[in-house]
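What follows is a set of notes on a single structure, which appears directly below.
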Amino acid sequence: MGMVTFVDETTSGDRAAGWGLEIAEERLALRELIRRRVFQEVAEFNARTPEVFQGLVQPKDTERVLNGYALRTPRRIDPEAQTDLALKAFAGNGFLVLVGDRQLTDLDEEIELALGTEVTFLKLVALVGG
């Protein structure tokens, strides 16, 4: 079992503190890695139910705020629906995934999860006025 570190960055240069997730497998498809990441962040949100969701992609019926996504009405987030949104965002170039210095482009691509693997989710930010 190894620890994978997830780091979120934006094309504007912002970098969030990384957080770890225990993964038992040595190899995993990118689709499954995204699913596990989303399930973990949704589980943490649903356990605490704060006003702002800080996750990979914006849930439905939320508003973007400075530090995440504010829910219009307090509720639990569905991890399956959130995973679907994340996979669609990846397919639509909403974010890139980098393992080390290598960009992954296929959801079915297998990732070798060596000890200390860092996975960067680079969120693409629209240019102002462009």
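The values are calculated or read from the model by the stated rules, or taken from the named source; none is laboratory data. What you see is a predicted model; the values in this text were computed from it and never measured. Note that we place each Cβ from the backbone using ideal geometry, even for glycine, and neighbour counts take in every protein chain shown. For accessibility, only protein heavy atoms count, side chains too; no ligands or nucleic acids. Shrake-Rupley method; radii C 1.70, N 1.55, O 1.52, S 1.80 Å.
Filter the range 31-75 for residues that are farther than 18 Å from residue 95 by Cβ and of a type in the set (Lys, Arg); which is least open to solvent (accessible area, probe 1.4 Å)? So that I can check it myself, show each step before the final result.
At the first step, the residues of the range 31-75 found to be farther than 18 Å from residue 95 by Cβ are 43-52, 61, 63, 65-66, 70-75.
Right, trim to of a type in the set (Lys, Arg) and you get 48, 72, 75.
On the way: 48: 149, 72: 143, 75: 79 Å².
Here the answer is 75.
Quick check on my filter: what residues within the range 103-113 are among the β-branched types (Val, Ile, Thr) and either open to solvent by 60 Å² or more (accessible area, probe 1.4 Å) or in contact with a His (Cβ under 8 Å, 6 or more places away or on another chain) (or both)? So that I can check it myself, show each step before the final result.
To start, the set of residues in the range 103-113 that are among the β-branched types (Val, Ile, Thr) comprises 105, 111.
105, the sole residue that qualifies.
Do we have residue 49 as among the β-branched types (Val, Ile, Thr) and on the phi > 0 side of the Ramachandran plot here? Walk me through how you get there before you give the answer.
Numbers: among the β-branched types (Val, Ile, Thr): yes; on the phi > 0 side of the Ramachandran plot: yes.
It is true that residue 49 is among the β-branched types (Val, Ile, Thr) and on the phi > 0 side of the Ramachandran plot.
For residues in the range 7-30 being of a type in the set (A, V, I, L, M, F, W, C) and touching a Gly at 6+ places or on another chain (Cβ under 9 Å), which is most open to solvent (accessible area, probe 1.4 Å)? Working first, answer last.
In the first step, residues of the range 7-30 are kept if they are of a type in the set (A, V, I, L, M, F, W, C); the result is 7, 16-17, 19, 21, 23-24, 28-30.
Narrowing the set further to residues that are touching a Gly at 6+ places or on another chain (Cβ under 9 Å) leaves 7, 23-24.
Details: 7: 3, 23: 3, 24: 66 Å².
Step by step, filter the range 7-30, then rank; the result is 24.
I'd like to check something: does the range 15-24 contain any residue that is of a type in the set (Phe, Trp, Tyr), in contact with a strand residue (DSSP E or B) (Cβ under 9 Å, 6 or more places away or on another chain) and not in a helix (DSSP H, G or I)?
Looking through the range 15-24, at least one residue is of a type in the set (Phe, Trp, Tyr), in contact with a strand residue (DSSP E or B) (Cβ under 9 Å, 6 or more places away or on another chain) and not in a helix (DSSP H, G or I).
Within the range 2-30, restricting attention to residues that are aliphatic (A, V, I, L, M) and closer than 16 Å to residue 110 by Cα, which residue is farthest from the chain's Cα centre (by Cα)? Explain how you work it out, then say what you get.
Our first condition is that a residue be aliphatic (A, V, I, L, M); within the range 2-30, this holds for 3-4, 7, 16-17, 21, 23-24, 28-30.
Subsequent filtering for residues that are closer than 16 Å to residue 110 by Cα retains 4, 23-24, 28-30.
Working: 4: 13, 23: 15, 24: 19, 28: 16, 29: 15, 30: 11 Å.
In this case the residue turns out to be 24.
Looking at 129, 100, 116, which one is more than 17 Å from residue 6 (Cα to Cα), more than 15 Å from the chain's Cα centre (by Cα), open to solvent by 40 Å² or more (accessible area, probe 1.4 Å) and at pLDDT below 95? Working first, answer last.
Numbers: 100 fails: more than 17 Å from residue 6 (Cα to Cα); 116 fails: more than 17 Å from residue 6 (Cα to Cα).
It is 129.
Being without any contact (Cβ under 8 Å) to a residue 12 or more places away in the chain, of a type in the set (Asp, Glu) and more than 25 Å from residue 112 (Cα to Cα) is the filter here, so list the residues in the range 23-61 that pass it.
Filtering the range 23-61 down to residues without any contact (Cβ under 8 Å) to a residue 12 or more places away in the chain leaves 32, 44, 47-48, 50.
Pick out the ones that are also of a type in the set (Asp, Glu) and you get 32, 44.
Matches in the range 23-61: 44 only.
Hey, among 91, 29, which residue is among the small types (Gly, Ala, Ser), closer than 18 Å to residue 123 by Cβ and out of contact with any Ser or Thr (no Cβ under 6 Å at 6 or more places or on another chain)? Spell out the reasoning first.
Numbers: 29 fails: closer than 18 Å to residue 123 by Cβ.
Result of the check over 91, 29: 91.
Just a yes or no: is a residue in the range 77-95 small (Gly, Ala, Ser), outside any strand (DSSP E or B) and open to solvent by 70 Å² or more (accessible area, probe 1.4 Å)? Give the derivation first.
Taking the range 77-95 first, the residues small (Gly, Ala, Ser) are 81, 86, 89, 91-92, 94.
Retained after the next criterion (residues that are outside any strand (DSSP E or B)): 81, 86, 89, 91-92, 94.
Pick out the ones that are also open to solvent by 70 Å² or more (accessible area, probe 1.4 Å) and you get 91.
Yes, the range 77-95 contains a residue that is small (Gly, Ala, Ser), outside any strand (DSSP E or B) and open to solvent by 70 Å² or more (accessible area, probe 1.4 Å).
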